[in-house]
1. Which of rounded, prolate or oblate describes the range 1-91 when judged by the alpha-carbon gyration tensor and an a/c cut-off of 1.5?
2. Quick one: net charge around ASP246, please, counting Lys, Arg +1 and Asp, Glu -1 for every other residue with C-beta under 15 Å from its C-beta.
3. If you count, for each residue, the other Cβ atoms within 10 Å and average over each peptide, how do 181-191, 50-60 line up from highest to lowest?
4. In the range 192-242, what trypsin sites (Lys or Arg not before Pro) fall in a loop by DSSP, with at most 16 other Cβ atoms inside 10 Å?
5. Anything over 25 Å Cα to Cα? Flag those among LYS179/LYS245; LYS189/LYS236; LYS3/LYS44; LYS172/LYS245; LYS15/LYS61, in the order listed.
6. Work through the residues other than GLN23 whose Cβ is under 12 Å from its Cβ and net out their charges, Lys, Arg +1 and Asp, Glu -1.
7. Among 28-38, 168-178, how do they line up from the highest to the lowest mean number of other beta-carbon atoms within 10 Å?
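Every number here is computed from the coordinates shown, using simple stated rules; none is lab data. Bear in mind the structure is a predicted one, so any value in this text is a computation, not a measurement. Cβ coordinates were reconstructed from backbone atoms using ideal geometry, including for glycine residues, and neighbour counts include every protein chain displayed.
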Amino acid sequence: MLKAIIVDDELPARKELAFMLEQIEGISVIAEFEDGVETLEFLKPDRQADVIFLDIQMRRKDGITTAWEIMQMAQPPYIVFITGFEEYAIKAFELEAVDYVLKPFDEQRLHQTVRKLKTLHSRHELSNTPIVEYLNKQVPSGQKRLSIWSNERMVILHPRDICCVKTDDKGKTVVCSIKGNFVTKLALKEIQEKLASSEFIRTHKSYMVNLNRINEVIPWFNNTYMLVLDGYDDEKIPVARHYMKDFNREFEKI
């Protein structure tokens with residue numbers, strides 16, 4: 001059951017949305033507030049809420065400011081913006097909002113939003129279930145499988161199948177494997193910790209490679225290297241000068 005909070009300084013709009021949400025299976029409204037100040041105070045003692053329906057234009061603290069403060073929390077709830085102006089949707093997605101709903105509220109649109117929330121919530125729960133824990137117990141320490149969401153399904157990657165992990169020019173983390181390339185919300189550093197193993201090494205601030213996937217080491221400018229990886233033909237991987245010492249040391253162990 002999704003636990004929802006509604007934040008809107010217009011009482012009629014708040015009550016209407018609460019009534020419509022309560023008619024949808026799988027979601028329950030646990031609290032209502034008229035501004036962002038009250039909402040943040042409610043959430044401070046680690047109160048558990050799965051989603052906040054947040055009006056953008058409010059008098060004391062507007063929805064954009066409130067959303068930004070919520071996103072700084074360790075485990076922020078999903079945010080769905082409420083607005084009477086569709087142009088605010090662009091700003092909503094810049095703040096990583098799940099969705100937005102327009103006033104006056106549309107029943108079909110609300111159902112669509114709740115379905116999206118349920119999907120996201122089930123993904124979060126699955127990533128912490130015994131399924132992934134069991135898979136990780138089947139391999140030695142330092143060889144944990146990596147789970148990536150792609151096209152509405154979870155892809156389980158064994159470390160040996162991963163060629164490299166990189167941050168692309170848009171700042172997104174991409175896991176490049178023999179099964180394909182997968183974009184993930186995990187940071188490069190987080191994946192490095194998950195795959196903590198002598199097989200993987202940082203070669204650049206934007207790259208981490210599987211040493212066992214290196215086919216060629218090409219001397220490059222300023223005493224650096226470019227790497228050709230088995231199973232990954234998209235590009236050659238740089239070894240920056242800052243990482244040369246660690247790379248040479250680990251590469252000699254192979």
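1. Cα axes put the range 1-91 in the rounded bin.
2. +3
3. Peptide ranking by packing, descending: 50-60, 181-191.
4. LYS205
5. Those over the limit are LYS179/LYS245; LYS172/LYS245.
6. That sum, taken over residues with Cβ under 12 Å, equals -4.
7. Ranked by mean Cβ neighbours within 10 Å, highest first: 28-38, 168-178.
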